[in-house]
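Worksheet: one structure, shown below.
Each reported figure results from applying straightforward, stated rules to the coordinates on display, with no laboratory input. Owing to the predicted nature of the structure, the values given are computational and were not obtained by experimental measurement.
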Amino acid sequence: MRLVSLILGFLTLPALAQDIPMPATPVGEIPSGRPVMIMGIVTSAGPNYFVLNDGGASIVVSSGPGWQAMTNLAEGDRARVVGQLDQFGSGMFMAGSIATTDGRTVAVRPYR
């Protein structure tokens, strides 16, 4: 019974960064193959990516086309991101949703 409850709990986890009831995963400890939440400070930004540093490590976050207009993230901003490592081994974190410090959450792409 307890195992069924645990499995059902994982299957029903919300997809938005603001709704994840678990602590953030340290960037240096992101597992492969499952969505997690990371958070930190944006250290640089480009047209479809940004670099997030959690104080221990940094990772390039792919946010998909057009993210900058939706989130207005800039160097020095804090962000919470739910996503997972690129399945093809690039080491890039593929964002599913991005929560900004002003309370907005932007859904970027569905999880695979």
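In sequence order, region 76-84 has phi-based couplings of x, 6, 8, 8, 10, 10, 9, x, 8 Hz under the Karplus curve 6.51 cos²θ - 1.76 cosθ + 1.60, θ = phi - 60°, and Gly or Pro positions carry x. Amide H contacts of Tyr49: Ser63, each under 5 Å away and 5 or more positions distant or on a separate chain (H built 1.01 Å from N in the peptide plane; Pro and chain starts excluded).
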